[in-house]
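Student: Can you keep this structure in mind? I'll have questions shortly.
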Amino acid sequence: MSIDPSKLTVGNLIKEISGVADIKKLKEILVAEEKNKNRKGALEGIQEQIESVESLGPSGIAAPAAWYKSKYGKTACYLLLIGLVIYGITYLL
């Protein structure tokens with residue numbers, strides 16, 4: 001493990017992991033933090049980075065399913081569809 005969370009402040013730890021895209025390494029850092037200092041802010045920051053990396057597709061861009069599965073994703077799609085139908089009816093008839 002290249003990042004030792006016990007040697008960093010929470011702020012510096014968050015900065016260090018912001019560029020880490022390897023979920024395995026992030027989970028190792030998470031376990032190390034839990035075993036050592038177990039700081040709430042550090043744990044939340046590491047978990048957020050893990051979730052952020054997991055939501056990215058292979059190209060590094062957020063996968064469409066990630067936002068679609070969010071709390072309001074389906075609702076947004078339905079509203080967009082309804083808007084397109086209304087637009088089509090209005091301008092095609």
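Student: Mind counting the residues in the range 1-28 that are over 18 Å from VAL53 (Cα atoms) and under 18 Å from the mean Cα position of the chain (by Cα)?
Tutor: 0
Student: Any residue in the range 8-32 that's assigned by TED's automatic domain parsing to the domain that holds ILE46: show its pairings with residues that are of a type in the set (S, T, N, Q) and surrounded by 13 or more Cβ atoms within 10 Å (Cβ to Cβ) at Cβ separation under 6 Å, as long as the two are six or more apart or on different chains.
Tutor: ILE17/GLN49; LEU26/GLN49
Student: Would you check which residues across the range 45-58 are in a loop (DSSP other than H, G, I, E, B) and surrounded by 13 or more Cβ atoms within 10 Å (Cβ to Cβ) and list them?
Tutor: Within the range 45-58, just SER55 meets the criteria.
Student: So VAL10 clears everything in (1) exposed (fewer than 13 other Cβ atoms within 10 Å of the Cβ); (2) aliphatic (A, V, I, L, M); (3) at pLDDT 90 or above except one condition, right? Which one?
Tutor: Every condition holds for VAL10 apart from (1).
Student: When the range 1-44 is examined, which residues are found to be outside any helix (DSSP H, G or I) and acidic (Asp, Glu)?
Tutor: ASP4, ASP22
The values are calculated or read from the model by the stated rules, or taken from the named source; none is laboratory data. Worth saying up front: this structure is predicted, and the values here are computed from it rather than measured. All Cβ positions, glycine included, derive from the backbone under ideal geometry; neighbour counts span all protein chains shown.
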